[in-house]
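The values are calculated or read from the model by the stated rules, or taken from the named source; none is laboratory data. Predicted model only: the values in this text are computed from it and were never measured. Heads up, the Cβs are rebuilt from the backbone with ideal geometry, glycines too, and the neighbour counts pull from every protein chain shown.
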Amino acid sequence: AIARPQGHRPLVVGHRGNSGLAPENTAAAFASALAAGADMIETDVRLSADGELFLFHDGTGRRTTNIAEVFPDRADDPITSFTAAQLRRLDAGSWFGEQFRGEPILFFSELPAAVDFSLGINLEIKAPAESPGVEQALAAALAGEADWKRLAQQQPIAVSSFDHASVRAFHEAAPDVAVFQLVDGIPDQALLAGARWLQGVVANHLSLTAESAAAVRALDLGLWAYTVNGAEYTERALDTGLDAVITDFPGTLVERLSAQS
Ligand code: G3P
Ligand code: MG
């Protein structure tokens, strides 16, 4: 099971890295999460048009890249319709701050070199219908690359998706990797009960209640919450008794948890 060795506080997971303070899903955001004391990072995985795994949240590049300058006629095209070479031409940093100008979109194969091996990694398969074969590609990459094998031996790796069929497809391709079901509303008990291969549930903290948390626990599943920002929400989420908390401000959560221990 993925749990802190000390077991005295929930894992702190930097959402898209330290995305409150650095451009999401870039090497800068992951390094910043590590520096802030996060236990893990969460990141979003997609497949480029020519089959390379890359880390990107939105369906298009408009919000978090300079795509409108580089490909003016294609700025609202699916980000997955671009090849890896095209994606490598984009600046994914300057939208967030001038000091991040030139920060590239990070590819999955570049992640082990970009992050410290002491960070755990939650890989969220994003919009799998747009990236056919992403589950098998991710499973093959995790099994095939020496860096990833080493990483997986040292640190927790968890794969998740809102899409249940995608979680299942990934699990079938990589049965040894921990898989989590992402849920936006109340977790579906029947679905969870029928999927005993799941390690746990990653729930929207706004939908999570004491009852739904207890129902997840009754199935002996781990319980994580996303995306918990702000003092009030943090206190409420911690009261639920979580295994991990995904936040845009991992440094703030680490300080909050250190203060109580
Ligand atoms: O994986 C938790 C969270 O990242 C899910 O929502 O939209 O931020 O990817 P989103
Ligand atoms: Mg995500």
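One residue stands out in region 207-251 among those that are of a type in the set (Ser, Thr, Tyr) and in contact with a Gly (Cβ under 8 Å, 6 or more places away or on another chain): the one that is surrounded by the most Cβ atoms within 10 Å (Cβ to Cβ), namely THR247. At negative phi, within 14 Å of ligand 1 (Cβ to nearest atom) and aliphatic (A, V, I, L, M): does that describe VAL115? In short, no.
Of all residues in region 35-49, which are modelled with pLDDT under 95 and surrounded by fewer than 20 Cβ atoms within 10 Å (Cβ to Cβ)? Once the filter is applied, which keeps residues that are modelled with pLDDT under 95 and surrounded by fewer than 20 Cβ atoms within 10 Å (Cβ to Cβ), region 35-49 yields ALA35, GLY37. Restrict the check to region 27-34 and report whether at least one residue is buried (at least 22 other Cβ atoms within 10 Å of the Cβ), in a loop (DSSP other than H, G, I, E, B) and either away from ligand 2 (no atom under 16 Å from the Cβ) or on the phi < 0 side of the Ramachandran plot (or both). Checking region 27-34: not a single residue is buried (at least 22 other Cβ atoms within 10 Å of the Cβ), in a loop (DSSP other than H, G, I, E, B) and either away from ligand 2 (no atom under 16 Å from the Cβ) or on the phi < 0 side of the Ramachandran plot (or both). Return the residue satisfying two criteria in turn: it lies in region 114-130 and is more than 14 Å from ligand 2 (Cβ to nearest atom) and either outside any helix (DSSP H, G or I) or acidic (Asp, Glu) (or both), and of such residues it is modelled with the highest pLDDT. That would be GLU130.
Residue check: GLU52 meets all listed conditions (1) acidic (Asp, Glu); (2) closer than 20 Å to GLN136 by Cα; (3) buried (at least 16 other Cβ atoms within 10 Å of the Cβ); (4) over 18 Å from the mean Cα position of the chain (by Cα) but one, namely (4). Of the residues making up region 61-93, those that are surrounded by 18 or more Cβ atoms within 10 Å (Cβ to Cβ) and outside any helix (DSSP H, G or I) are GLY61, THR64, THR65, ASN66, PHE82, LEU90, ASP91, ALA92, GLY93. Only residues that are hydroxyl-bearing (Ser, Thr, Tyr) and within 24 Å of GLY200 (Cβ to Cβ) were counted in region 100-145, giving 2.
For beta carbons closer than 6 Å, sequence separation of 6+ or different chains, a first residue in region 68-95 that is over 23 Å from PRO132 (Cβ atoms) and in contact (Cβ under 8 Å) with a residue 12 or more places away in the chain and a second that is loosely packed, with under 14 Cβ neighbours inside 10 Å and of a type in the set (D, E, K, R), the qualifying pairs are GLY93/ARG101; SER94/ARG101. Within the option set GLU103, GLU98, GLU52, being touching a residue at least 60 places away in the same chain (Cβ under 8 Å) and on the phi < 0 side of the Ramachandran plot holds for one residue only, GLU103. In summary, VAL12 fulfils each of the numbered conditions (1) out of contact with any Pro (no Cβ under 6 Å at 6 or more places or on another chain); (2) at pLDDT 95 or above; (3) outside any helix (DSSP H, G or I); (4) not hydroxyl-bearing (Ser, Thr, Tyr) with the single exception of condition (1).
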